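Take this structure, written in structure tokens, and hold onto it; I'll ask about it next.
The values are calculated or read from the model by the stated rules, or taken from the named source; none is laboratory data. Note that the structure is predicted; figures quoted are calculated from it, not measured. Here Cβ is always computed from backbone atoms with ideal geometry, including for glycine, and neighbour counts include all displayed protein chains. The protein model used for the area step is the full one, side chains on, heavy atoms only, and it has no ligands, DNA or RNA in it. Shrake-Rupley method; radii C 1.70, N 1.55, O 1.52, S 1.80 Å.
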Amino acid sequence: MTRKDEMFEDEKPFHMGRYFAHVIGWSILLSFLLVGLIFVWAGSKDIVTGEATQSDWIFTAIGILMIPPVCWALWRYMPDLTMGEPKTPRGNRIRWILGAVIVIGVAISFPLINRDGPDGERLHLFSNSPLPTDAVWPMMALWAIAIPIIAYIARRNSDDYTLAANDFGFMLGGYLFYFTAPLWWIGWRGGLLPQPDVMIIFIASFVVINFGNLWKRHVG
């Protein structure tokens, strides 16, 4: 008689509720890392300039103590962002692609958040304020070169089921843009609505694309 622990066991089936609970918990943990980094950055800046107070030393120490265990926990409990992709060579390639997307997103944002504005004010990522040219060029180059390459590689490594879910999500996002952009533009020209903001429409379309993708994968 075969023992239960010697039997082949499939991986646990994907469960949307458990997955999002895991992502939310991991995101909360990530916020602690960001707090620790802010403590170290703000405190060490005053320490280097010789303007540190006792609070600066305390917050810097707290941040230094927080960062290593939080980083370990983030690595140990990191959710699988592929939402149930099996542990196969193709699935692992999808994981590498998602990792590349995260790295590129940070790299695109860094030239902006690391610079001051034309008048010396701090720049904000979610803003329509003018940007320095030397910060814009690397951001545009990364987006223009990396995104098409990643999209091509992702489609080449996606199965029919994943492609159908992606296409369904992009169809919904495309319809949202197709419907919303002209209405907003016409309403603005008629004095009924504020000036259109392309990034608001982009973010709304992005959200709809991902919800459509999830719905098609696990409900539809």
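One line per residue, one yes/no per condition, for (1) at pLDDT below 75; (2) open to solvent by less than 60 Å² (accessible area, probe 1.4 Å); (3) in contact with a helix residue (DSSP H, G or I) (Cβ under 6 Å, 6 or more places away or on another chain); (4) assigned to a helix (DSSP H, G or I):
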| residue | (1), (2), (3), (4) |
| --- | --- |
| D5 | yes, no, no, yes |
| I38 | no, no, no, yes |
| F59 | no, no, yes, yes |
| K87 | yes, no, no, no |
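Then there's this: Quick check on my filter: what residues within region 183-220 are closer than 30 Å to A164 by Cα, of a type in the set (V, I, T) and not in a loop (DSSP other than H, G, I, E, B)?
V198, I200, I201, I203, V207, V208, I209, listed by residue number.
I need every pair where a residue in region 192-220 that is in contact (Cβ under 8 Å) with a residue 12 or more places away in the chain has its Cβ under 7 Å from the Cβ of a residue that is in a loop (DSSP other than H, G, I, E, B) and not small (G, A, S), sequence separation at least 6 or different chains.
R217/M83
What is the residue count in region 163-187 for residues that are in contact (Cβ under 8 Å) with a residue 24 or more places away in the chain and not hydrophobic (A, V, I, L, M, F, W, C)? Outline the logic, then answer.
Initially, region 163-187 is screened for residues in contact (Cβ under 8 Å) with a residue 24 or more places away in the chain, giving 164-166, 168-174, 176-177, 180.
From what's left, not hydrophobic (A, V, I, L, M, F, W, C): 166, 169, 173-174, 180.
Within region 163-187, residues that are in contact (Cβ under 8 Å) with a residue 24 or more places away in the chain and not hydrophobic (A, V, I, L, M, F, W, C) number 5.
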